[in-house]
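The values are calculated or read from the model by the stated rules, or taken from the named source; none is laboratory data. Note that this is a predicted model, so its numbers are computed, not measured. Cβ sites come from the backbone with ideal geometry, for glycine too, and all protein chains shown count toward neighbours.
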Amino acid sequence: MQAVCPAASAPFSSLSSLSLCHTSNGARFALLRQVSLFPHPIHFRRSPMPPTPRALFSGLKNAVSGALNQSTAGGTTATPPPMVEHNLPPWEDLAAALPKELESLKDRVPWAKERRFGLAGGKEPRVVFYRDNSSWCPYCERVWLQLEEKQVPYKVEKINMRCYGPKPEWYTRMVPSGLLPAVKIDGELITESMDIMLRLEQEFPERSLLPPPGSQESKALQGLLRLERQLFGSWLRFITSGWGDAGNGQRFEETMADVDGALRRFGGPYFLGKEFSMIDAVYAPFLERIAASVPYYKGLTVRNNKWSAVNGWYDAMDSRPAYHAMKSDDFTHVHDLPPQIGECYHNDASKDYWALVDGKAGSWDLPLKPETTGWGFDEGTAGKGEAAYSLVTNHAAVVRFALRPLRNDAEAYAEAVDVVFRYVAKALLEGTEKAGELPAGLPKQVKKAVEHLRDNVGVPRDMSYPAARQLRAHLNWALRQL
């Protein structure tokens with residue numbers, strides 16, 4: 001199964017279970033067949049296609065370099081407002097004020113174009129990994145996590161998901177379906193996430209993530225993979241239905257109980273016992289999205305609920321640097337799901353969690369308070385430096401992105417938006433008290449640009465969750481003064 005967006009034909013119309021068995025040629029497992037869990041396609045009410053996204057902070061300079069010129073082509077442009085008087089430091093001074101230890105952020109895993117893991121200089125990685133550019137695709141995430149856990153050197157090529165516009169022509173020539181993920185190993189193209197994962201285990205047996213052939217853990221793999229597809233199906237039906245919550249919710253909870261039982265079988269905290277395995281990489285993307293989306297849409301808390309073995313699995317996964325570097329937050333997940341799977345429906349029980357995740361009821365107000373979400377626990381004090389680094393080192397591209405809602409008027413208000421973002425950067429570095437108040441006379445149109453940035457910060461694409469939470473809150477703080 002691959003991630004397919006609403007623009008593609010028959011999204012999620014064949015929910016499949018992957019059956020694995022031993023082979024006689026030394027490879028531990030091979031893909032045998034796909035067994036449909038549902039006899040008929042599932043159809044979704046589709047949300048209108050959203051605008052093409054841009055990576056706000058990682059490589060955004062290239063992505064939106066022409067956006068401003070395009071947005072001002074034709075039509076009437078607003079008269080530029082008067083120059084805003086201020087004493088804010090220029091971006092160069094803000095960059096000089098960044099603590100030296102933040103320079104390591106340029107090597108963030110989500111921004112990496114190549115991961116070498118000690119590969120000798122001059123040698124090229126054997127693997128090229130093609131994944132989505134926003135870190136939304138769950139099937140890309142499972143392969144990505146496997147590569148990181150096995151420490152297989154690889155290069156990265158990022159491709160947009162289909163629900164955000166046509167694929168690059170060079171990619172569809174290589175992969176006619178356009179689906180993600182894909183990898184090349186020594187130049188050989190492999191698609192389908194499970195095929196990729198099994199091949200990676202064969203080609204790179206070091207740090208194996210599969211149990212020994214013939215072991216009880218090995219014999220359990222087929223059932224665990226089938227259960228993962230059942231979990232996917234029950235979750236999908238639950239959050240994309242606007243009726244029948246009682247029945248859909250009961251089936252979802254029953255499946256979660258089965259997952260909890262599966263985690264207990266070998267003693268946990270992982271599915272095959274004390275050690276992380278490929279099965280954990282398979283489950284991780286959807287258990288992550290479940291923890292974010294089910295309380296947001298249906299008011300049912302998944303993490304820290306009655307499934308104690310599932311809770312232990314979440315905690316164990318959070319202790320793994322590879323997973324922690326790539327997992328997303330609730331806000332990103334709940335807003336990137338509808339373009340991929342169709343409309344999702346809230347019920348009355350979801351109101352409080354919905355407000356928490358979307359920054360209502362004070363959750364994006366400074367000073368931030370400690371909070372627990374599907375992402376986990378955040379004290380509300382970390383992340384200011386990372387948020388400042390991401391904003392300061394990519395300020396020109398960030399301003400251009402924020403101006404997009406102003407369309408033909410974008411150029412007229414670029415300077416005013418730039419001033420607000422310098423103000424936010426200063427507050428992140430020095431504190432809101434030292435930053436003072438926003439300069440007087442800022443045009444009201446600036447508010448729309450600042451809101452656009454606040455509502456489109458992506459995790460992990462742009463920064464970690466603690467940093468994103470700080471940036472959203474500091475932008476909110478600035479908005480209150482506009």
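Restricting attention to strands (runs of 3 or more DSSP E) lying wholly within segment 103-192, give those where 1 or more residues are crowded, with 20+ Cβ neighbours inside 10 Å and at pLDDT 95 or above. Walk me through it before giving the result.
Numbers: elements: 127-132, 154-159, 182-185, 188-191.
By residue number, 127-132, 154-159, 182-185.
Condition check: within 19 Å of the chain's Cα centre (by Cα), more than 17 Å from F252 (Cβ to Cβ), surrounded by 20 or more Cβ atoms within 10 Å (Cβ to Cβ) and not hydrophobic (A, V, I, L, M, F, W, C). Does D329 satisfy that? So that I can check it myself, show each step before the final result.
Numbers: within 19 Å of the chain's Cα centre (by Cα): yes; more than 17 Å from F252 (Cβ to Cβ): yes; surrounded by 20 or more Cβ atoms within 10 Å (Cβ to Cβ): yes; not hydrophobic (A, V, I, L, M, F, W, C): yes.
Answer is yes for this residue.
Considering every residue within segment 349-366, establish whether at least one is within 17 Å of the chain's Cα centre (by Cα) and over 30 Å from D93 (Cβ atoms). If you could, list the steps in order and put the result at the bottom.
Step one: list which residues in segment 349-366 are within 17 Å of the chain's Cα centre (by Cα), which gives 357-358.
Keeping just the survivors that are over 30 Å from D93 (Cβ atoms) gives 357-358.
There is at least one residue in segment 349-366 that is within 17 Å of the chain's Cα centre (by Cα) and over 30 Å from D93 (Cβ atoms).
Does K434 satisfy being assigned to a helix (DSSP H, G or I) and modelled with pLDDT of 95 or more?
Numbers: assigned to a helix (DSSP H, G or I): yes; modelled with pLDDT of 95 or more: no.
No; evaluated as a whole, the condition is false for this residue.
Restricting to segment 366-383, count the residues that are surrounded by fewer than 21 Cβ atoms within 10 Å (Cβ to Cβ) and not in a loop (DSSP other than H, G, I, E, B).
First, pick out the residues of segment 366-383 that are surrounded by fewer than 21 Cβ atoms within 10 Å (Cβ to Cβ): 366-367, 369-372, 376-382.
After this cut, where a residue has to be not in a loop (DSSP other than H, G, I, E, B) as well, the list is 371-372, 376-378.
Result for segment 366-383: 5.
Inside segment 329-365, can you point out the residues that are under 28 Å from Y423 (Cβ atoms) and outside any helix (DSSP H, G or I)? Before you say what the answer is, go through the steps one by one.
First, the residues of segment 329-365 that are under 28 Å from Y423 (Cβ atoms): 329-332, 335, 355-365.
Scanning segment 329-365 gives D329, D358, G359, K360, A361, G362, S363, W364, D365.
With the condition kept exactly as written, say whether any residue in segment 337-345 is surrounded by fewer than 20 Cβ atoms within 10 Å (Cβ to Cβ), at pLDDT 95 or above, within 22 Å of A246 (Cβ to Cβ) and not assigned by the TED database to the domain that holds A468.
Yes, there is a match, as at least one residue in segment 337-345 is surrounded by fewer than 20 Cβ atoms within 10 Å (Cβ to Cβ), at pLDDT 95 or above, within 22 Å of A246 (Cβ to Cβ) and not assigned by the TED database to the domain that holds A468.
Do any helices (runs of 4 or more DSSP H) entirely within segment 206-298 hold 1 or more residues that are of a type in the set (A, V, I, L, M, F, W, C), and if so, which? Let's see the steps before the verdict.
On the way: elements: 216-219, 221-239, 245-265, 278-298.
In segment 206-298, 221-239, 245-265, 278-298 are the helices (runs of 4 or more DSSP H) which contain 1 or more residues that are of a type in the set (A, V, I, L, M, F, W, C).
Residue check, A361 against (1) over 29 Å from R265 (Cβ atoms); (2) buried (at least 16 other Cβ atoms within 10 Å of the Cβ); (3) touching a helix residue (DSSP H, G or I) at 6+ places or on another chain (Cβ under 7 Å), all met but one. Which one?
Of the numbered conditions (1) over 29 Å from R265 (Cβ atoms); (2) buried (at least 16 other Cβ atoms within 10 Å of the Cβ); (3) touching a helix residue (DSSP H, G or I) at 6+ places or on another chain (Cβ under 7 Å), the odd one out for A361 is (2).
Could you look through segment 193-215, keep only residues that are touching a Lys or Arg at 6+ places or on another chain (Cβ under 7 Å) and more than 23 Å from E114 (Cβ to Cβ), and pick out the one that is surrounded by the most Cβ atoms within 10 Å (Cβ to Cβ)?
Once the filter is applied, the top-ranked residue is L210.
Going by the conditions given, is D378 more than 23 Å from V84 (Cβ to Cβ), among the charged types (D, E, K, R) and not assigned by the TED database to the domain that holds P466?
Details: more than 23 Å from V84 (Cβ to Cβ): yes; among the charged types (D, E, K, R): yes; not assigned by the TED database to the domain that holds P466: no.
The answer is no for D378.
Regarding A355, is this residue out of contact with any Gly (no Cβ under 8 Å at 6 or more places or on another chain), surrounded by fewer than 17 Cβ atoms within 10 Å (Cβ to Cβ) and free of Cβ contacts under 8 Å to residues at least 24 places away in the same chain? Quick ask: steps written out before the conclusion?
Working: out of contact with any Gly (no Cβ under 8 Å at 6 or more places or on another chain): yes; surrounded by fewer than 17 Cβ atoms within 10 Å (Cβ to Cβ): yes; free of Cβ contacts under 8 Å to residues at least 24 places away in the same chain: yes.
Against the criterion (out of contact with any Gly (no Cβ under 8 Å at 6 or more places or on another chain), surrounded by fewer than 17 Cβ atoms within 10 Å (Cβ to Cβ) and free of Cβ contacts under 8 Å to residues at least 24 places away in the same chain), A355 qualifies.
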